[in-house]
Amino acid sequence: MSEQTGMITMQLMGKNYQVPTGLTIMAAIEYAGYKLVRGAGCRGGFCGACPTLYRRSDNHRIFTALACQTLVEDGMCLVQMPFVPVVSRRYDLHQIAAKPNTLLQHFPEIAGCVACNTCTRACPQGLQVMDYVQASLRGDIERAAMLSFDCIACGICSSRCPADIKHYAVGLLARRLYGKYVTPDSPQLAARVAELQTGNLIADLNALMALSQEELRARYEQRTFETSEENKEPFSAIQHYNSPMDPVDYKDEIEV
Amino acid sequence: MELIDGYPAAMRESIALVEQTRPTRLGRTFPAMTPEQRRELLLGHHPDYKDGAKRPLLFGPNKGMLLNHELADLFEARPLVSASLDLNDVDSDVDLLIIGGGGAGTVAAIWAVQAGLDPSRVLIATKLRHGDSNSTMAQGGIQSADRPHDSPAQHFLDAMGGGHFTNRPELVEALVSDAPLIIHWHEQLGVMYDKDEQGNFVMHPGGGTSRNRMHSARDYTGLEIMRVLRDEARNLHIPVVEFSPAIELLCDERGHVAGAVLVNLETKRYHIVRAKATIVTTGGLGRLHMQQYPTTNHYGATADGLILAYRAGAELVDLDAIQYHPTGAAFPAQMAGLLITEKVRGMGAQPVNCKGEQFVYPLEPRDVEASAFIRECSLGLGIPTPHGIQGVWLDAPMVDIIHGPGTIRSALPAMFRMYTRFGIDMTRDPILVFPTLHYQNGGIITNPDGATTVPGLYAAGEVMGGVHGKNRLMGNSLLDFNVFGRRAGIAAANYVREQAQPTRLSLEHVATYERHMRDAGIKTTRTAPRILPDYRGKEALERYLDIPL
Amino acid sequence: MQVAYYPGCTIKVSAQHHERAALAVLRALNIELCELPEWNCCGVLHSLTDDNLIRHMAPIRMFARLEEQGAHEMTTLCDMCFNTLAQANTWAKERPERIRAINSTSGGELDYDGRAQILHLLQLLRDRVGLAAIKARVRRPLRGLTIYPYYGCKLLRPSEVAMDDPETPRVLHDLMLALGATVAEGPLQTQCCGSYHVVDREQLVTNRVAATTDEARERGAEALVLSCPLCHYNFDSFQGSNHAALPIFYYTQLMGIAFGLEPEELGLDAHRVALLPVLLEHELVPEGVQVN
Ligand SMILES: Cc1cc2nc3c(=O)[nH]c(=O)nc-3n(C[C@H](O)[C@H](O)[C@H](O)COP(=O)(O)OP(=O)(O)OC[C@H]3O[C@@H](n4cnc5c(N)ncnc54)[C@H](O)[C@@H]3O)c2cc1C
Ligand code: SF4
Ligand code: SF4
Ligand code: FES
């Protein structure tokens, strides 16, 4: 256990704390006695609530990280940056069109991008942030949507950008435009929605609703399974999923 | 700690054994259990059946319902504010209060406005930031029967069977018949689902579904839906107060719900909201860490809504059944509890113990699989980690061996990226897993329009119960927060139109609740709701001084 | 022949028809433009401040990315981009320490060695393809059509980056002759069109455009040919109403016509001053052709 209890020193907002190795930055901050209110959300790398800036003693640069996804290191000098103000103009997606200059009109500041690529280097998701800003600038909505897709809106890029660009808001509009206007609507879905209006499908449902529990179980057992697209054989994970028995059958709620 | 390609030396020793047995395990899968064996295993090892893990609720409309102690503790707890709190100064006077800014809350707000409410008369109050929620974390997908050889009826069957027929049929009916309308709505909002060139959705299978009806947006389905919804709500000018959880519901003199007491987490100042209708959308409870399990859930998933609603008299259902996902990450620490998709086993990775031996069929039902992992660890055959928890190996490299090199990278890119971040190459080394607390199956009882048993109070999303019965299928909860968020939003907007602003606000229901608690013989200093779990270090807390500053 | 291609924002946003015509024409000449997979705005204007490294980074990054692909030459259609990229490159090549400074400001991410260069498409056509080859490809000579070539600034100034003689440029003249057209010329061919003053001093632009088009008309021109998208915008929008407006062509469009390409491929519709009448008059497009 000796290595596991090995301690390192982290400098949090200018104060030194001894924390065990192997913790995430977030866990280390909590270990030190901080109760996080801001600076933690999903704790799993999905929400962008935990952007962190830090320096190392052996390098002059500022590094960035998600506190919940990064190990604390000895000598790290860090601060959490729980909020990057973003105020952007409201829009009604239904009233705007996906034109080459739509993004520029909504975010004129993207024209100020000096292509320093600071945003890309800062992005904890490893996205090509400058490239999606540049794609937005030239009206390539598809490219901007694709490149920005994994953005979790942590705001680190926006805090570092010399041109004060609101990257993640730009990416969001690009993706919504792409999803709504650039990709075609699903014909199958449209057909299904129309079919629902006719009421036939609802009649089938009502018929199931009218069955007794035994009849319903029988119908359930008789389900046929769609074959998996690639190998045309039933995908076993699906069929084996369901427990053959009811948890409620053999241990019921206790009455008191 | 010295790591060798991501793992400490002690774990490396076990990995060597896994590698040794791999050739003989290939093509030889551990046999599936008989129903009898499964039953025995579940009763012996599943957390839901663990003796002594639960106790019955002693008072209120759900008296007798078995709850994990961690949850029961919160029902048997004192309120954070006393019933005599001064309620005369109303801070926000609105038509509709929505408690919880996750998926369900945001959908409800949008549809309440679509149904005619003035956006400035709607308020979303949420605990963390708008969108910090379980919704954002969902990866896999959302179900909807919209292909020709699929139907809402088929979807209905799958959901009912998945829930062991404990679901409320009228809720499932609403769920499956609204599903295509929801996806259509998302399409109009610009949600970037994976599509083929014609615009049809790329559909995946999901556990328990007989058709491929899982719509996804890469591995970020929940994130993509949530950020679009949040953007839409912003564009509709719907006000949101962040870092302001509700800590108690308010009632009027008739006992109808009439708003809530919020608390600003930073100033600790309370804030009275008076509302003609209130929708609770506070999500799940993973952060209660039932039986000390890690969880996939977000930081604020602490069952607050259940407590608040129960105190106001709402009925609950199915809270005895909690969903544990068999494969949560167990190593490294920073991934602990995070979800490892079922697909990894589906593609051939076998679970093996510390000696490199198989001990369970890889695709047993989730609850059985999870129980087998737990049993293995309790037999001392798990693999200990430096941070204290144990796990079993999931022999990930088998996927590439079976399906050819490169399969992991292309078919499981998110998993691959996640492990790579922490220096582990899952194409070469096995990954360590252990069951993780995933989903609150039950919750507040509602009708198909989200109305609870208390007038003025609606519920939607993970906090509501009944639609999934005792077991939810993957892809049905992203769906349910949309379906019932929408229905609750519309129903509440209609209800609001017929209501006058409540005149007298009261916390009498809280006083009554405390009386019931006393009558049941419960004496406690615990308080609820929990709001946030406490992960502060023991060492730090030992010297904590609670001084006024 | 394959050539790396830097489009620039203007081409993608407001001069798409120029690009469409260029691509069609180059296809006809068996040249494939390979757009850089990721590129950024050139910065629009060359910064005259020596030590403002950040401002030089955008253009230099493009040369570095070009080299990452193993190429050393790229072409562009836009006169502004050409000018900015060429000036930045010249600035950088003048002193190796400038390149080093940029590389290190980039956090070690850029590794430019100063060996790349930018070619305007007109340069590519003149110097790599050759006017003879272009002439050989002509199927429908622009016989009888009198054209006034307009150069503006960005191809010619400053002289360090000029792609032609700054005083008496010939490239458009020669190209038009190769296409079989008659050329009308005059001293205002290289005068600035007013450029970005269009946003704050519209009258200045209107005066300059009027002077140039007047000169062109006086010398018998029926149309004006140019290369720069910004000049194009100014000429196409601000001719005033004293005369029937002159149609403004991109050279790529006239090449396409002379090559006998389908008019639909040449973006002839995206102009304020209609292009078709003059082409119909000289029977350079089929009767009854529709362009949108
Ligand atoms: C890792 C993970 C993966 C998943 N994958 C899938 C999947 O693939 N498919 C699928 O269908 N489902 C999946 N789920 C389940 C699904 O994401 C959730 O069940 C669903 O999103 C819940 O939505 P909700 O709006 O009810 O709750 P949430 O989205 O959790 O929102 C609840 C909100 O209420 C706030 N809140 C809580 N208490 C209070 C309070 N007292 N006052 C004010 N606000 C409060 C919370 O902070 C939060 O913002 C997954 C869940 C997780 C955790
Ligand atoms: S940081 Fe700002 S200016 Fe620099 S490349 Fe990114 S968007 Fe452009
Ligand atoms: S693009 Fe910006 S906001 Fe998005 S994840 Fe990267 S750094 Fe964060
Ligand atoms: S807490 Fe959500 S990304 Fe770190």
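Of the residues making up segment A:14-26, those that are at the interface with another protein chain (Cβ under 7 Å from one of its Cβ atoms) and not in a strand (DSSP E or B) are A:THR21, A:GLY22, A:LEU23. Taking the residues in segment B:253-266 that are more than 11 Å from every other protein chain (Cβ to nearest Cβ) and open to solvent by 10 Å² or more (accessible area, probe 1.4 Å) as candidates, determine which candidate is nearest to A:ALA40 (Cα to Cα). Filtering segment B:253-266 for residues that are more than 11 Å from every other protein chain (Cβ to nearest Cβ) and open to solvent by 10 Å² or more (accessible area, probe 1.4 Å), the one nearest to A:ALA40 (Cα to Cα) comes out as B:VAL263. Would you confirm, using the coordinates I've provided, whether C:LEU261 is crowded, with 23+ Cβ neighbours inside 10 Å, in the same structural domain as C:LEU156 (by TED's automatic domain parsing) and assigned to a loop (DSSP other than H, G, I, E, B)? For C:LEU261, the condition - crowded, with 23+ Cβ neighbours inside 10 Å, in the same structural domain as C:LEU156 (by TED's automatic domain parsing) and assigned to a loop (DSSP other than H, G, I, E, B) - is not met.
The residue that is surrounded by the most Cβ atoms within 10 Å (Cβ to Cβ), counting only those in segment A:56-75 that are among the hydrophobic types (A, V, I, L, M, F, W, C) and within 16 Å of ligand 2 (Cβ to nearest atom), is A:PHE63. Considering only residues that are more than 16 Å from ligand 4 (Cβ to nearest atom) and either over 18 Å from C:VAL44 (Cα atoms) or without any contact (Cβ under 8 Å) to a residue 12 or more places away in the chain (or both), which ones fall in segment A:119-134? The answer is A:CYS119, A:THR120, A:ARG121, A:GLN128, A:VAL129, A:TYR132.
Scanning segment B:130-151 for residues that are surrounded by fewer than 24 Cβ atoms within 10 Å (Cβ to Cβ), farther than 18 Å from B:GLY286 by Cβ and of a type outside the set (Gly, Ala, Ser) turns up B:HIS130, B:ARG147, B:PRO148, B:HIS149, B:ASP150. Quick check, is B:ALA370 away from every other protein chain (no Cβ under 11 Å) and part of a loop (DSSP other than H, G, I, E, B)? Answer is no for this residue.
Search segment B:338-366 for residues being over 25 Å from the mean Cα position of the chain (by Cα), outside any strand (DSSP E or B) and surrounded by fewer than 22 Cβ atoms within 10 Å (Cβ to Cβ), and hand back the single one that is modelled with the lowest pLDDT. Applying the filter and picking the extreme gives B:MET347. Considering only residues in segment A:102-151 that are among the small types (Gly, Ala, Ser) and open to solvent by 10 Å² or more (accessible area, probe 1.4 Å), the one that is nearest to ligand 3 (Cβ to nearest atom) turns out to be A:GLY126. Within segment A:156-174, the set of residues being in contact with a Gly (Cβ under 7 Å, 6 or more places away or on another chain) and within 12 Å of chain B (Cβ to nearest Cβ) comprises A:TYR168 only. Only one entry of C:ALA21, C:ALA71, C:ALA28 meets the criterion of being crowded, with 21+ Cβ neighbours inside 10 Å and either outside the structural domain of C:ILE257 (by TED's automatic domain parsing) or of a type in the set (A, V, I, L, M) (or both), and that entry is C:ALA21. Cβ separations smaller than 7 Å between residues 6+ apart or across chains give the following pairs from segment B:226-241 residues that are acidic (Asp, Glu) to residues that are part of a helix (DSSP H, G or I) and open to solvent by 10 Å² or more (accessible area, probe 1.4 Å): B:ASP231/A:LEU172. The set of residues in segment B:466-519 that are open to solvent by 50 Å² or more (accessible area, probe 1.4 Å), assigned to a helix (DSSP H, G or I) and of a type in the set (S, T, N, Q) contains only B:ASN494. Listed here are the helices (runs of 4 or more DSSP H) enclosed by segment B:14-133 that have at least 3 residues being of a type in the set (A, V, I, L, M, F, W, C) and within 19 Å of B:LEU306 (Cβ to Cβ): B:69-75.
Does B:TYR299 meet the test of being surrounded by fewer than 24 Cβ atoms within 10 Å (Cβ to Cβ) and within 14 Å of ligand 1 (Cβ to nearest atom)? Judged against the criteria, B:TYR299 is not a match.
Note on segment B:471-497: among residues that are farther than 22 Å from B:GLY131 by Cα and in contact with a strand residue (DSSP E or B) (Cβ under 9 Å, 6 or more places away or on another chain), the one that is nearest to ligand 4 (Cβ to nearest atom) is B:ARG472.
Can A:LEU189 be described as buried (at least 21 other Cβ atoms within 10 Å of the Cβ) and in contact (Cβ under 8 Å) with a residue 40 or more places away in the chain? Answer is no for this residue. For segment B:386-398, the set of residues classified as away from every other protein chain (no Cβ under 13 Å) and at pLDDT below 95 consists of B:GLN390 only.
A residue that is of a type in the set (Ser, Thr, Tyr), facing another protein chain (nearest Cβ under 9 Å), crowded, with 24+ Cβ neighbours inside 10 Å and under 13 Å from A:VAL72 (Cβ atoms) cannot be found anywhere in segment A:46-55.
Scanning segment B:493-513 for residues that are in contact (Cβ under 8 Å) with a residue 60 or more places away in the chain and of a type outside the set (A, V, I, L, M) yields B:ASN494, B:TYR495, B:ARG497, B:GLN499, B:GLN501, B:PRO502, B:THR503, B:ARG504, B:SER506, B:GLU508, B:HIS509, B:TYR513.
Inspection of segment B:214-230 identifies at least one residue that is closer than 22 Å to A:GLU195 by Cβ and either facing chain A (nearest Cβ under 7 Å) or in contact with a helix residue (DSSP H, G or I) (Cβ under 7 Å, 6 or more places away or on another chain) (or both). Evaluated against (1) open to solvent by less than 40 Å² (accessible area, probe 1.4 Å); (2) part of a loop (DSSP other than H, G, I, E, B); (3) touching an Asp or Glu at 6+ places or on another chain (Cβ under 8 Å); (4) more than 13 Å from ligand 3 (Cβ to nearest atom), A:ARG176 falls short on exactly one condition, (2). When restricted to residues that are in contact with a His (Cβ under 8 Å, 6 or more places away or on another chain) and in a helix (DSSP H, G or I), segment C:18-47 contains 1. For B:ARG230, the requirement of being surrounded by 18 or more Cβ atoms within 10 Å (Cβ to Cβ), at negative phi and within 16 Å of ligand 3 (Cβ to nearest atom) is met. Every residue in segment B:520-549 that is away from chain A (no Cβ under 14 Å), under 29 Å from the mean Cα position of the chain (by Cα) and loosely packed, with under 11 Cβ neighbours inside 10 Å, please. Across segment B:520-549, the qualifying residue is only B:THR525. When segment B:12-60 is filtered for residues that are open to solvent by 80 Å² or more (accessible area, probe 1.4 Å) and within 21 Å of B:TYR293 (Cα to Cα), the ones remaining, listed by number, are B:LYS50, B:ASP51.
Among the residues of segment A:204-225, write down those that are in a helix (DSSP H, G or I) and more than 9 Å from chain B (Cβ to nearest Cβ). Selection gives A:GLU214, A:GLU215, A:ALA218. Among the residues of segment B:305-317, at least one is out of contact with any helix residue (DSSP H, G or I) (no Cβ under 6 Å at 6 or more places or on another chain), part of a loop (DSSP other than H, G, I, E, B) and among the hydrophobic types (A, V, I, L, M, F, W, C).
The values are calculated or read from the model by the stated rules, or taken from the named source; none is laboratory data. Predicted model only: the values in this text are computed from it and were never measured. Here the Cβ is made from the backbone with ideal geometry for all residues, glycine too, and neighbour counts use every protein chain on show. Accessible surface areas use protein heavy atoms only, side chains included; no ligands, DNA or RNA. Shrake-Rupley method; radii C 1.70, N 1.55, O 1.52, S 1.80 Å.
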